[in-house]
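The values are calculated or read from the model by the stated rules, or taken from the named source; none is laboratory data. Keep in mind that what you see is a predicted model, and the values were worked out from it rather than measured. Here Cβ is always computed from backbone atoms with ideal geometry, including for glycine, and neighbour counts include all displayed protein chains.
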Amino acid sequence: MAKIAVRGLTYLYGQGTSTQIAAVKNCSFDIEEGELVGIIGHTGSGKSTLIQHFNALLKPTEGQILLDGEDIWKSKQSVRNSRFKVGLCFQYPEYQLFEETVFKDVSFGPRNMGLSEKEIEERVRQAMTHVGLDESYFNKSPFDLSGGEKRRVAIAGVMAMDPDVLVLDEPTAGLDPRGRDTVFSMIRNYRNKTGKTVVIVSHSMEDVARIATKVLVMNHGEIAMFDTVDNIFSKGNELIEMGLNVPQITKVFMRLKEMGYNVNSSVYSVEQAKNEILRLRGDIG
């Protein structure tokens with residue numbers, strides 16, 4: 001059974017008005033337990049609208065979202081359960097920090113779940129460990145932290161609710177390269193340690209290639225592709241035609257292929273490129 005199953009999902013903004021537009025159109029796919037799925041697409045392709053259905057922030061105009069096989073809109077209780085089981089971290093989540101200390105901010109979600117003080121503290125400690133911040137941060141004001149630290153505290157606040165599925169919308173937006181590396185390493189370690197399902201929305205093909213096990217490509221509100229990372233990046237020309245920027249290293253190997261070299265044009269990492277060049281040298285030599 002899929003962890004999240006999307007069945008014929010359509011969502012209309014401005015339904016019944018002259019400005020009606022379909023942000024998501026007849027989408028169907030499954031996300032299996034433990035997968036790390038990257039969702040990519042050009043601006044306005046429907047990525048953010050799609051993920052807001054996963055925990056009932058938006059109600060489908062048509063179709064269903066099934067969580068562990070149950071329609072999340074089946075009842076008020078199922079809607080409530082989905083919001084605890086699917087943790088959604090919006091783009092620039094640090095803008096939602098508001099408590100006077102880091103501990104209070106991270107504990108906000110667990111406290112609203114009605115947990116005991118002991119369980120709340122355990123959840124906060126565990127979440128802070130996942131994001132690489134120790135107890136010395138507990139009594140600090142979140143507003144005194146660096147941009148990257150604020151981002152990690154905000155993500156910890158979602159992790160502290162111990163969701164079955166963690167959904168992150170552009171988790172590295174606005175961060176410098178070092179900050180991006182830290183956040184992606186943190187997410188990868190979280191998934192490896194917990195076995196939880198993780199969904200990441202990004203406009204960066206390179207970022208998704210580094211971390212995802214499967215990639216879902218959206219184009220004008222529809223699912224254009226949903227496959228393994230290797231299979232998605234083997235279709236570089238199709239991705240470019242959709243207005244997506246494939247990794248620079250992929251473009252290099254696509255060009256080598258066009259020039260007549262016998263190379264794998266779906267290369268998307270430095271390690272793959274090194275191995276492919278060594279193989280090519282062996283073929284030539």
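Within the stretch 255-285, track down each residue that is part of a helix (DSSP H, G or I) and within 19 Å of Val208 (Cα to Cα).
Matches in the stretch 255-285: Val270, Glu271, Gln272, Ala273.
Of the listed requirements (1) more than 29 Å from Ile240 (Cα to Cα); (2) of a type in the set (A, V, I, L, M); (3) in contact (Cβ under 8 Å) with a residue 24 or more places away in the chain; (4) buried (at least 22 other Cβ atoms within 10 Å of the Cβ), Ile72 misses just one: (3).
Per the conditions (1) at pLDDT 95 or above; (2) more than 18 Å from Asn55 (Cα to Cα); (3) of a type in the set (Lys, Arg), the sole criterion not satisfied by Arg111 is (1). All conditions in (1) within 22 Å of Thr197 (Cβ to Cβ); (2) out of contact with any Lys or Arg (no Cβ under 8 Å at 6 or more places or on another chain); (3) part of a helix (DSSP H, G or I) hold for Leu88, with the sole exception of (3).
Among Arg178, Arg188, which is the only one that is basic (Lys, Arg) and either within 30 Å of Asn81 (Cα to Cα) or touching a strand residue (DSSP E or B) at 6+ places or on another chain (Cβ under 6 Å) (or both)? Reasoning before the result, please.
Numbers: Arg178 fails: either within 30 Å of Asn81 (Cα to Cα) or touching a strand residue (DSSP E or B) at 6+ places or on another chain (Cβ under 6 Å) (or both).
After applying the criteria, what remains is Arg188.
Pairing residues of the stretch 210-238 that are under 23 Å from Glu271 (Cβ atoms) with residues that are among the basic types (Lys, Arg) and modelled with pLDDT under 95, at Cβ distances under 6 Å and at least 6 apart in sequence or on separate chains, gives Ile211/Arg188.
Selection of the stretch 91-108 for residues being under 22 Å from the mean Cα position of the chain (by Cα) and not in a helix (DSSP H, G or I) yields Gln91, Tyr92, Leu97.
Going by the structure shown, is Val153 surrounded by 20 or more Cβ atoms within 10 Å (Cβ to Cβ), over 23 Å from Thr213 (Cβ atoms), under 22 Å from the mean Cα position of the chain (by Cα) and of a type outside the set (Lys, Arg)? Show your work before the answer.
On the way: surrounded by 20 or more Cβ atoms within 10 Å (Cβ to Cβ): yes; over 23 Å from Thr213 (Cβ atoms): yes; under 22 Å from the mean Cα position of the chain (by Cα): yes; of a type outside the set (Lys, Arg): yes.
Judged against the criteria, Val153 is a match.
Selection of the stretch 21-52 for residues being assigned to a strand (DSSP E or B), among the β-branched types (Val, Ile, Thr) and under 23 Å from Ile187 (Cβ atoms) yields Ile31, Val37, Ile39, Ile40. Picking from residues in the stretch 1-60 that are over 22 Å from Ile240 (Cα atoms), surrounded by 16 or more Cβ atoms within 10 Å (Cβ to Cβ) and of a type in the set (Lys, Arg), the one that is farthest from the chain's Cα centre (by Cα) is Arg7. Per this entry, Ala224 is counted among residues that are part of a strand (DSSP E or B), surrounded by 18 or more Cβ atoms within 10 Å (Cβ to Cβ), small (Gly, Ala, Ser) and at negative phi. Here Arg111 passes the criteria (1) over 24 Å from the mean Cα position of the chain (by Cα); (2) within 14 Å of Arg152 (Cβ to Cβ) except the one numbered (2).
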